[in-house]
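Peer 1: Right, I'll just put the structure down here and ask away after.
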Amino acid sequence: MKPVLALSKEHRSIRNYSQKPIPPKMIGNILEAAGQAPSGLNRQPWLFAVVEDPELKKLIREESERVEVEFYRKITEKTRKEFEEMKLTVKKEFLTEAPALIAVFCDTESTYCKESTWLSIGWLLLAATEAGLSTLTYTPDDLSFLNKLLNIDYRFHPEVIIPIGYGDKKGSKSRKTSDEIIKYFCLFKMPDLP
């Protein structure tokens, strides 16, 4: 088992996947780990929907791209340029390329549902990395179509679609330094971080 810091540094957001299937037990273990995340009032408000069916993945991709077209009509020129630099478009091939998609929902009747669910998503990403799988947190502007496509009660709000599989390419990862993201307020000098 790798230390959390090593897993965090290893994780990449990947948009290209091989067609190699993921063993069901592996996905089960990843979701079991995600389910162990802390949650407000211990409500555990998350719901994970695993989609492997090619036709259903195709429908999810079509709806996602429809939503993206609408979103791209509203973005600023600055955002458009940022997307172009990252080579992002309305086309979302990863939704049909990845052997599985995990749609994550939060139970809106639970207190702290969004915060708690995103904690579980973080745990899911690290568990997938530890298992040697690649992921992407895909958060289009409107995911409400997932409730209808997956027949999930509307009290569950869709938060993210996570393509998961064996990544075809290594993603780049430039990170801010510790000094840029951490501010200490203490009575003594903190040691230098690696």
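The values are calculated or read from the model by the stated rules, or taken from the named source; none is laboratory data. Note that this is a predicted model, so its numbers are computed, not measured. Methodologically, a virtual Cβ is constructed for each residue, glycine included, from the backbone with ideal geometry; neighbour enumeration extends over all protein chains shown. Quick note on the areas: whole protein, heavy atoms, side chains included, nothing else; ligands and nucleic acids left out. Shrake-Rupley method; radii C 1.70, N 1.55, O 1.52, S 1.80 Å.
Peer 1: Enumerate the helices (runs of 4 or more DSSP H) found wholly within the stretch 51-97, keeping only those where 2 or more residues are more than 19 Å from the chain's Cα centre (by Cα) and farther than 15 Å from residue 146 by Cβ.
Peer 2: 54-74, 77-85
Peer 1: A follow-up question, please. Only one of these conditions is not met by residue 5: (1) of a type in the set (A, V, I, L, M); (2) without any contact (Cβ under 8 Å) to a residue 40 or more places away in the chain; (3) open to solvent by less than 90 Å² (accessible area, probe 1.4 Å). Which number is it?
Peer 2: Exception for residue 5: condition (3).
Peer 1: Give the residues of the stretch 34-50 that are touching a residue at least 40 places away in the same chain (Cβ under 8 Å), in a helix (DSSP H, G or I) and surrounded by fewer than 18 Cβ atoms within 10 Å (Cβ to Cβ), sorted by residue number.
Peer 2: Answer for the stretch 34-50, where residues must be touching a residue at least 40 places away in the same chain (Cβ under 8 Å), in a helix (DSSP H, G or I) and surrounded by fewer than 18 Cβ atoms within 10 Å (Cβ to Cβ): 40, 41.
Peer 1: Just to be sure, is residue 19 over 17 Å from residue 160 (Cα atoms), of a type outside the set (Lys, Arg) and touching a strand residue (DSSP E or B) at 6+ places or on another chain (Cβ under 9 Å)?
Peer 2: When the stated conditions are applied, residue 19 passes them.
Peer 1: While we're here: Taking the residues in the stretch 9-34 that are out of contact with any helix residue (DSSP H, G or I) (no Cβ under 7 Å at 6 or more places or on another chain) and small (Gly, Ala, Ser) as candidates, determine which candidate is farthest from residue 87 (Cα to Cα).
Peer 2: Selected residue: 28.
Peer 1: Give the stretch 98-136 a look and list any residue that's touching a helix residue (DSSP H, G or I) at 6+ places or on another chain (Cβ under 7 Å), small (Gly, Ala, Ser) and part of a helix (DSSP H, G or I), or say none.
Peer 2: Hits for the stretch 98-136 are 116, 120, 127, 128.
Peer 1: Out of all the residues in the stretch 121-164, which are under 20 Å from residue 15 (Cβ atoms) and of a type in the set (Phe, Trp, Tyr)?
Peer 2: 138, the sole residue that qualifies.
Peer 1: Can I ask one more? Output the residues belonging to the stretch 73-95 that are open to solvent by less than 100 Å² (accessible area, probe 1.4 Å) and of a type in the set (Asp, Glu). Walk me through how you get there before you give the answer.
Peer 2: Taking the stretch 73-95 and keeping what is open to solvent by less than 100 Å² (accessible area, probe 1.4 Å), we get 75-76, 79-80, 82-83, 88-90, 92-95.
Result: 82, 93.
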